[in-house]
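Structure first, commentary second.
The values are calculated or read from the model by the stated rules, or taken from the named source; none is laboratory data. None of these values were measured; they are calculated from a predicted model. Glycine gets a Cβ as well: all are built from the backbone with ideal geometry, and neighbour counts include every protein chain shown. With ligands, DNA and RNA removed, areas are computed over all heavy atoms of the protein, side chains included. Shrake-Rupley method; radii C 1.70, N 1.55, O 1.52, S 1.80 Å.
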Amino acid sequence: MPKMNLEDTRNLLSKLSARRAWNAVKVLSSYYISRLLKMPIQWGYPISVSFEPTTSCNLRCPECPSGLRSFTRPTGMLQKDFFRRTIDDIHKELLYLIFYFQGEPYLNPDFLEMVKYASGRKIYTATSTNAHYLDDARAKKTVESGLDRLIISIDGISQEVYQQYRVGGNLDKVIAGAKNIVKWKRELHSKKPFVVFQFLVVKPNEHQVSQVKELARQIGVDGVWLKTAQVYDYENDPNQLIPTIDAYSRYRKDPNGEYRPKNKLYNHCWKLWHANVITWNGLVVPCCFDKDAIHRLGDLQNQPFKEIWKSDPYRRFRKELMNSRKNIDICANCSEGTRVWS
């Protein structure tokens, strides 16, 4: 888990109504009872939901479907009216809303308006951005929107290193965007958003971990999170991304010299009980590892969310996970238990 920040934690807890607290108790207890009985029991509704603002992205990162333009599912922009209807349906139980799945959120022209709407429902809001669109005006609107957490992807502290993963990116824009956010927080006397530099540790940048922490301190960023990288073809690692420092790698060489994921796939997963992902066009999928929305558990264009959450497809998926998680394709490369936080 990331290091707790007192102000950020206090802000999160301020969103916790009696109804949301009771929902969290039901979800947590049903998860542990399910593990004990080895059968899926689901009480309550999600504590956290990820909503995808768009599949579009300005960069071409080598291990990202958005960057590779490799989706087989439809691509597009989340519409604010559809978003509002969904939030109105689930906000009383929902504590934490992540405006991210694939794509760059700021490319959706209604993104900050949707953040403001969710904030008005007293939901803790977070997003992840490559920070190329945080000019002065957008930075001010971001602070004014009520966004609670802003994760800025910064995978290098020199342009040469940064662009090896963030293909097509400009590090100067990222740094300028971070500075704009920090400036407007001060000028508007706002403690939000909690600003994080997220450093995806790969082989080209692993030597810059200490330097990104110093850069964050100089700018006034609230924290640095180190993240292990998902490599789809980890057996061959064609882009040479797997770090040489074991602590920062999601993979480990076996006795035959071949890479294998470090994580042990236990037949349970907390995400399937407390969270899920909604694509820009309303497809409900189990988690953020189903990037192409292969495991479609429902469609919000045709069904209310709470009906989908309790539906037969969801129950079957949880049952399959508890019986043999290793046979579910999206679980094979899961980062559970292999994240590194700073």
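Once you have the Kirkwood Rh of the stretch 255-322 from its Cα pairs, apply Stokes-Einstein at 4 °C and 1.567 mPa s and quote D in µm²/s. Let's see the in-between values first.
Details: Rh = 13.4 Å.
The diffusion coefficient I find is 97 µm²/s.
For q values of 0.22 Å⁻¹, compute log₁₀ I(q)/I(0) with the Debye formula on a Cα-only model of the stretch 212-307, without solvent.
Result of the Debye calculation: -1.09.
What full-extension length gain, to one decimal in nm, is calculated for Glu307 and Leu68 as 0.36 nm per residue of separation minus the Cα-Cα distance?
Values: separation 239, 0.36 × 239 = 86.04 nm, distance 3.42 nm.
My answer for the length gained is 82.6 nm.
Length gain on complete extension for the stretch Asp246 to Asn333, per 0.36 nm per residue less the alpha carbon to alpha carbon distance?
Details: separation 87, 0.36 × 87 = 31.32 nm, distance 1.65 nm.
Stretched fully, the Asp246-Asn333 segment lengthens by 29.7 nm.
Quick check: at a probe of 1.4 Å, how many percent of the accessible area of the chain sits on carbon and sulfur atoms? Intermediate results must be reported in sequence, preceding the final value.
Values: 8240 of 15690 Å².
Roughly 53 percent of what the probe reaches on the chain is carbon or sulfur.
For the stretch 151-180 and the stretch 59-93, what is the separation of their C-alpha centers, rounded to whole Å?
For the stretch 151-180 versus the stretch 59-93, the Cα centre distance is 23 Å.
In terms of solvent-accessible area of protein heavy atoms at a 1.4 angstrom probe, what is the ranking of Met77, Met114, Met39, highest value first?
Working: Met77 60, Met114 5, Met39 100 Å².
Ranked list, largest accessible area first: Met39, Met77, Met114.
At 1.4 Å probe size, what's the solvent-accessible area of Asp299? Round to the nearest 10 Å².
40
I'd like to compare 131-142, 232-243: which one has the highest average count of other Cβ atoms within 10 Å, and what's the full order after that?
The peptides rank, most packed first, as 131-142, 232-243.
Eigenvalues of the Cα gyration tensor times 5, then square-rooted: what semi-axes does that give for the stretch 143-277, in whole angstrom, largest first?
On the way: eigenvalues 195, 85, 28 Å².
In descending order the semi-axes read 31, 21, 12 Å.
List, in the order given, every pair from Lys80/Lys191; Lys192/Lys262; Lys15/Lys173; Lys15/Lys80 whose Cα-Cα distance in the structure shown is over 28 Å.
Checking Cα-Cα distances, Lys192/Lys262; Lys15/Lys173 exceed 28 Å.
For an R0 of 30 angstrom, estimate the FRET efficiency from the Cβ-Cβ distance between Lys262 and Trp22 and round to the nearest 0.05.
On the way: r = 36 Å, r/R0 = 1.21.
Once rounded, the FRET efficiency stands at 0.25.
From the gyration tensor of the Cα coordinates in the chain, what semi-axes in whole Å does the equivalent ellipsoid have, largest first, with each one equal to sqrt(5λ)?
One finds semi-axes of 29, 27, 19 Å for the chain.
Using a ≥ b ≥ c from the Cα gyration tensor of the stretch 190-230 (square roots of the eigenvalues), is it rounded, prolate or oblate, where a/c under 1.5 gives rounded and otherwise the larger of a/b and b/c decides, a/b for prolate? Spell out each step's value before the answer.
Working: a/c = 4.50, a/b = 1.72, b/c = 2.61.
Oblate.
I'd like to check one number: the per residue accessible area of the chain, probe 1.4 Å, reported in Å² as a whole number. It would help to have the intermediate numbers written out before the result.
Values: 15690 Å² over 342 residues.
I get 46 Å² per residue for the chain.
Under a crude label model (7 Å from the Cα following the beta-carbon direction), how far is Asp254 from Glu235 in nanometres?
Label-label distance for Asp254 and Glu235, simple model: 1.0 nm.
7 Å from Cα along Cα→Cβ at both Leu37 and Trp270: what's the point-to-point distance in nm?
My value for the distance between the label points is 2.2 nm.
Given the protein chains as shown and a 1.4 Å probe, how many square angstrom of Asp312 are accessible, to the nearest 10?
80
What do you get for trypsin sites (Lys or Arg not before Pro) in the stretch 1-87 restricted to DSSP loop and a cutoff of at most 12 other Cβ within 10 Å of the site's Cβ?
Working: sites: Lys3, Arg10, Lys15, Arg19, Arg20, Lys26, Arg35, Lys38, Arg60, Arg69, Lys80, Arg84, Arg85; in loops: Lys3, Lys15, Lys38, Arg60, Arg69.
For trypsin sites (Lys or Arg not before Pro) across the stretch 1-87 that sit outside H, G, I, E and B with at most 12 neighbouring Cβ atoms in 10 Å, the list reads Lys3, Lys38, Arg69.
How much length is gained if the chain between Ala176 and Leu188 is pulled fully straight, taking 0.36 nm per residue apart and subtracting their Cα-Cα distance, in nm to one decimal?
Working: separation 12, 0.36 × 12 = 4.32 nm, distance 1.81 nm.
Extra length from Ala176 to Leu188 when fully extended: 2.5 nm.
As a test of reading the structure, rank Thr72, Thr129 by solvent-accessible area (1.4 Å probe, protein chains only), most first. Display every interim value, and only then the final one.
Details: Thr72 115, Thr129 5 Å².
Result of the area sort, largest leading: Thr72, Thr129.
Mean residue ellipticity at 222 nm from the helices of the chain, using -39,500 (n - 2.57) per DSSP H segment of n ≥ 4 over the full residue count, to the nearest 500 deg cm²/dmol? Mind showing how you got there, number by number?
Details: 12 runs with 120 residues, N = 342.
Using -39500 (n - 2.57) per qualifying helix, the result is -10500 deg cm²/dmol.
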